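Everything on this sheet refers to the single structure shown next.
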Amino acid sequence: MKKNAYTYIMANQHHTSLYVGVTGYFERRIFQHKSLEFPGFTSKYRVTKLVYFEGHKDIRNAIAREKFTKSKTRVWKEALIGTMNPQWNDLTDFS
């Protein structure tokens, strides 16, 4: 099943800052985070490490999941990351 949209969580090097996002262009968006291309939260706090993502067939579902995830506590988000990535490794591998 092809995924058309993604909800994702990025972290900084020491895992003190988290960013929850949504995109229809996953690889390009992650590259933008990693290159600190845009001024704002992710460049200010150097949030460049992809620690969690989930694919969706429809962008509306991805947006709803992003809003739901953003509404949760940090502890909840950390537990969610742990379900996919307990070591908090950078999951960026587009090869």
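Summary of values
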item: Electrostatic dipole magnitude of the chain [Cβ: Lys, Arg +1; Asp, Glu -1; Cα centre; debye, to 20]; result: 280 debye
item: Listed residues Val51, Val75, Val20, most fluctuating in the chain (Gaussian network, C-alpha, under 10 Å); result: Val75
item: Stokes-Einstein diffusion coefficient of region 5-84, Kirkwood radius over Cα pairs, 37 °C, 0.692 mPa s, in µm²/s; result: 260 µm²/s
item: Ile59 paired with Ala79, simple spin-label distance in nm, labels 7 Å along Cα-to-beta-carbon; result: 3.2 nm
item: Per DSSP, loop chymotrypsin sites (Phe, Trp or Tyr not before Pro) in region 1-91 with at most 13 further Cβ within 10 Å; result: Tyr25
item: Distance between modelled label sites at Asp90 and Phe68, nm, 7 Å Cα→Cβ extension; result: 3.0 nm
item: Cα centroid of region 64-78 to Cα centroid of region 1-47, whole Å; result: 15 Å
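None of the figures in this text is laboratory data; all of them are computed from the coordinates on show. In this text the structure is predicted, and so the values were computed from the model without any measurement. Don't worry about glycine lacking a Cβ; one is built from the backbone with ideal geometry, like all the others, and counts go over all protein chains shown.
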